[in-house]
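Okay, structure first, notes after.
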Amino acid sequence: MIQYWRSSEELISYAKGTLHLKAWKKFNQVTRNNSAVGIYHETYIVAKEKYENVYVNMPLFGLSKVKPPVEINSTTTTSKKRLKQV
């Protein structure tokens, strides 16, 4: 599963919230003695407006729902050029 958050503050707030803590406690109780079950998470904080996503023959999803795509044309032919436009 992949999740996108508007800010690290919102992610931390959710992680410390009642809903998450209740689910986390239940997960640990159920899986405590089962070495076949594992979990991990990774958190990446991306600088605002410093990302890119490319869609070819695909419906828009993920980051494209946060910011509309940039059309590729003579001024946006490379990633470097596209990222400078943000």
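The values are calculated or read from the model by the stated rules, or taken from the named source; none is laboratory data. Quick caveat: nothing in here was measured; it's all calculated off a predicted structure. Positions of Cβ are backbone-derived with ideal geometry, glycine not excepted, and every protein chain shown enters the neighbour counts. With ligands, DNA and RNA removed, areas are computed over all heavy atoms of the protein, side chains included. Shrake-Rupley method; radii C 1.70, N 1.55, O 1.52, S 1.80 Å.
What the table shows:
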| quantity | calculated |
| --- | --- |
| Rounded to whole Hz, the Karplus (6.51, -1.76, 1.60) HN-Hα couplings of the stretch 62-71, x for glycine and proline | x, 4, 5, 7, 8, 9, x, x, 9, 5 |
| Binned Cα-Cα distance frequencies in the chain - 5 Å width, integer % | 2, 10, 16, 17, 14, 11, 10, 8, 6, 4, 1, 0 |
| 1.4 Å probe accessible area per residue over the chain, in Å² | 94 |
| Ranking by accessible area, most exposed first, for HIS20, HIS41 with a 1.4 Å probe | HIS41, HIS20 |
| Derived scalar couplings ³J(HN,Hα) [the stretch 22-30; Karplus, 6.51 cos²θ - 1.76 cosθ + 1.60; whole Hz; x for Gly, Pro] | 5, 5, 5, 4, 4, 4, 5, 5, 6 |
| Amide proton proximity set for ILE72, modelled H, under 5 Å, gap of 5+ | none |
| LYS16-THR78 pseudo-label distance in nm [points 7 Å out on the Cα-to-Cβ vector] | 4.4 |
| Dipole moment magnitude, nearest 20 debye, the stretch 25-86 about Cα centre, only Lys, Arg, Asp, Glu C-beta charged | 220 |
| Accessible surface of the chain, 1.4 Å probe, proportion on carbon and sulfur as whole % | 58 |
